[in-house]
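Take a look at the structure set out below.
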Amino acid sequence: MQTLCRCGSKKESKECCELIIRGTKEAKTAEELMRSRYVAFTQANVDYLMLSHFSKTRPLKDRAFIKKWAASVIWSGLQIIKTKEGREQDETGFVEFKALYIEDGKLQHIHENSFFKLENSKWVYVSGEFLT
Ligand SMILES: [Zn+2]
């Protein structure tokens, strides 16, 4: 059975973010890492969320909360709005996105401009600025 990747790429999940989450493939760009992190949120895959987070800002103490919250909402889609740098030849980059989810029966979203950088030659999430 074919399942489209939940990141919205219209690719099959096993040929898209699943490869990155399982560690078969590395994210080549900040956007690819962002997409894989969204999919990990939909799976409440907190191990991957920690792994793909810059080691110095990794929110280890929020781990249990993130897992519980991610599993409690209905993830409804990812929209990549804009990217700045974060390409293969870059060392830092920004991805502005909206992640949609339903919580308590209401459609909500996270609108964020996220900052990514290379750590040990791998893209990791560093921090995000919430936008309205
Ligand atoms: Zn994907």
* So MET50 fits all but one of (1) touching a helix residue (DSSP H, G or I) at 6+ places or on another chain (Cβ under 9 Å); (2) modelled with pLDDT of 95 or more; (3) within 16 Å of the ligand (Cβ to nearest atom); what number is the exception? -> (3)
* Structure fact -> The lone condition SER36 fails out of (1) within 11 Å of the ligand (Cβ to nearest atom); (2) farther than 20 Å from SER114 by Cα is (2)
* To do: Would you mind telling me which numbered condition in (1) within 12 Å of the ligand (Cβ to nearest atom); (2) modelled with pLDDT of 95 or more; (3) open to solvent by 20 Å² or more (accessible area, probe 1.4 Å) CYS17 fails?
  => (3)
* Please find, among LYS106, LYS10, LYS56, LYS28, the residue that is more than 26 Å from THR132 (Cα to Cα), more than 16 Å from the ligand (Cβ to nearest atom) and either exposed (fewer than 14 other Cβ atoms within 10 Å of the Cβ) or among the hydrophobic types (A, V, I, L, M, F, W, C) (or both). => LYS56
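Quick check, is ASP47 of a type in the set (Asp, Glu) and open to solvent by 80 Å² or more (accessible area, probe 1.4 Å)? Quick ask: steps written out before the conclusion?
On the way: of a type in the set (Asp, Glu): yes; open to solvent by 80 Å² or more (accessible area, probe 1.4 Å): yes.
Yes: the conditions hold for ASP47.
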* Output yes when any residue across segment 70-83 is touching a residue at least 40 places away in the same chain (Cβ under 8 Å) and open to solvent by 60 Å² or more (accessible area, probe 1.4 Å), and no when none is. => yes
* Structure fact -> Result of the Cβ filter at 7 Å on segment 13-29, keeping first residues that are touching a residue at least 12 places away in the same chain (Cβ under 8 Å) and partners that are open to solvent by 30 Å² or more (accessible area, probe 1.4 Å) and within 12 Å of the ligand (Cβ to nearest atom), at least 6 apart or interchain, is SER13/THR3; SER13/LEU4; SER13/ARG6; CYS16/SER9; CYS17/ARG35; ILE20/GLU32
* Asked: What is the number of the single condition among (1) open to solvent by less than 40 Å² (accessible area, probe 1.4 Å); (2) within 8 Å of the ligand (Cβ to nearest atom); (3) over 14 Å from LYS122 (Cβ atoms) that THR42 does not meet?
  -> (2)
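The values are calculated or read from the model by the stated rules, or taken from the named source; none is laboratory data. What you see is a predicted model; the values in this text were computed from it and never measured. With ideal geometry, Cβ positions are generated from the backbone for all residues, glycine too; neighbour counts draw on all protein chains shown. Note: areas computed on protein heavy atoms with side chains; ligands, DNA, RNA excluded. Shrake-Rupley method; radii C 1.70, N 1.55, O 1.52, S 1.80 Å.
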